[in-house]
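For reference, the structure discussed in these notes is given below.
The values are calculated or read from the model by the stated rules, or taken from the named source; none is laboratory data. Because the structure is a prediction, the values reported are computed rather than measured. Here the Cβ positions follow ideal geometry from the backbone for every residue, glycine too, while neighbour counts run over all protein chains shown. For the accessible areas, the whole protein counts, side chains as well, though only heavy atoms, and no ligand, DNA or RNA atoms are used. Shrake-Rupley method; radii C 1.70, N 1.55, O 1.52, S 1.80 Å.
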Amino acid sequence: MKNDARYQPLDPAKTPRFAEISTFFRLPRMAIDGELDIALVGVPFDLGVNFRSGARQGPAAVREASRIIRRIHPTSGIAPFALCNVADVGDAPINPLDLLGSIDAIERHFRAIAAVGATPIAIGGDHTIPLPILRALAGERPIGIVQFDAHADTLDELLGTRINHATTFRRGVEEGLIDPRRTLQIGLRGSRFGEDDIGYGQRAGMRVITMDEFEEIGRAKVIAEIVRVTGDGPVYISFDIDGLDASQAMGTGVPEIGGFSTRDAQMMLRALRGKHVVGADICEVAPIYDPSGETQLNAANLMFEMLCVIAESRQLHH
C-alpha cells in the first residue's frame, strides 16, 4: 500500500467535484518519472479516421466526465490510488497536419513511460493509436490482446493507406507486436466493406467473437474464453468505444447498433483480474456527437475498471 500523498486525487469532501481544472479522476498532473506506477495519458489524435472525425476531443471529455469517479471499486474493493502511484501525465504530442510524424511522436512518448517502468492507460484518439503504443511496449515479445470493438480493424489498407484506424491490428501482427494466438476480438458486427473484413484475424489465429456468437453462447462463456485465450503471458486491453451498443455510445465516429452493454463490458474487464496487464486504451470517443455526455461518462467508468485491474496486476506481477 503506497498512499503517497502526492499521487492522491482531490478529496470531494474538501474540494467539490466540479471545482479545479479537470484531470483523469481528479488526480495530480505529474511528470513521467521513476516514482510513477500507472500513467494516465491522453492521445488526442484522429488523423486515421475515414468517416466522422472528432476523437481528438476524447481525452478532454473523459477527463471532465471522470470527476464523478470515487476511490474504491464497488465489487472487488480494489483501491487503486492506495495500491499504486497513479497520475495524469498529460497528452502525447500530436502534429494535426502530420499523421506519420504524430505516430512516431506517440511511440516516443510511450517509450518514455515504459522506460520508467510505468503502465500506461491511454484515452484516444482514434483506434490507430494502439499501434504506436504497442511498438513502445512489445519490444521484447509479442503481447496478447483483448480487443473490444464493433470492427476488426485488420484491413490491409484503406483509401490507399496502410496506417489508419481500420488496419491497426493487422499491422501489429505483421510487426511481431501482437500474438494472435493470445488475442480475442469481441463484439464484431455491422455491415462490412467486403467478405474478408474479419477473415485476416481468423486466419492468423485470433479468437474472433462476433455479436451473433456473443448472443448465442452468452457472456459467461465469453468471459471463460477471455481467461483461456489470454493465458499467463502479458496482455494489453484495447477498447474501441463503438464496441458498446450505439444506444450507449453515440459519441463515436462509427456507431453500430446491436452491441454489448456497459454492464457486459464491466464484467468482461473484471475477468482480467490476476492477468499480467501491461497497458490499455479506450479509443474513438468523439464527444461532439453525444450532447448528453453519456459516451464519455461510460468511457470514464470503463477506464476506472481498467485502472483497478491494472493496479492489482502490478501488485501481483512487479
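Calculated mean residue ellipticity at 222 nm for the chain: -9500 deg cm²/dmol, from DSSP H runs with n ≥ 4 weighted as -39500 (n - 2.57), summed, divided by the residue count and rounded to 500. Label sites at L159 and T15, each approximated as a point 7 angstrom past Cα along Cα to Cβ, lie 4.1 nm apart.
Computed over region 59-175, the Cα gyration tensor eigenvalues convert (square root of 5λ each) into semi-axes of 27, 16, 16 Å, ordered from largest to smallest. Model label sites at R141 and R273, defined 7 Å from Cα along the beta-carbon direction, differ in position by 2.5 nm. Over region 1-127, the pair-distance histogram of Cα-Cα distances with 10 Å bins from zero comes to 13, 39, 33, 13, 1 percent, rounded to whole numbers. Between rounded, prolate and oblate, where does region 166-234 land on the alpha carbon gyration tensor, with a ≥ b ≥ c its root eigenvalues, rounded for a/c under 1.5, else prolate if a/b exceeds b/c? Cα axes put region 166-234 in the oblate bin. For the chain, a simple Cβ point-charge model (Lys and Arg +1, Asp and Glu -1, everything else neutral) yields a dipole of about 1020 debye relative to the Cα centre.
Computed over the alpha-carbon atoms, region 217-293 gives an Rg to Rh ratio of 1.02, Rh here being the Kirkwood radius from the mean inverse distance. Sorting the segments 115-124, 10-19 by their mean number of nearby beta carbons within 10 angstrom, highest to lowest, gives 115-124, 10-19.
For the chain, the alpha carbon positions stretch 56, 42, 40 Å along the principal axes, listed from largest to smallest. Among I129, A152, G117, whose Cα lies farthest out toward the positive end of the dipole of region 114-159, if unit charges sit on the beta carbon of Lys, Arg (+1) and Asp, Glu (-1)? The residue sitting farthest along the positive end of the dipole is G117.
Figure note: M303, M250, M211 ranked by solvent-accessible area, largest first, 1.4 Å probe, ligands and nucleic acids not counted: M250, M211, M303.
DSSP loop (so not H, G, I, E, B), at most 12 other Cβ within 10 Å: list which GluC sites (Glu not before Pro) in region 162-226 pass both filters.
Passing both the DSSP loop test and the Cβ count: E195.
The residues of region 201-257 expose on average 42 square angstrom of accessible surface per residue, using a 1.4 Å probe on protein heavy atoms. Compute the long axis of helix 294-317 from its Cα atoms, compare it with the longest principal axis of the Cα atoms of the chain, and write down the angle in degrees, 0 to 90, nearest 10. The two axes meet at around 80 degrees.
May I ask you to give the percent of accessible area on the chain that is carbon plus sulfur, with a probe radius of 1.4 Å?
Ligands and nucleic acids excluded, carbon and sulfur give 52 percent.
With a cut-off of at most 16 other beta carbons within 10 Å, and DSSP calling the residue loop, which chymotrypsin sites (Phe, Trp or Tyr not before Pro) in region 150-234 qualify? Please list them.
Values: sites: F169, F193, Y200, F214; in loops: F193.
Counting only loop positions with at most 16 other Cβ atoms within 10 Å, the chymotrypsin sites (Phe, Trp or Tyr not before Pro) in region 150-234 are F193.
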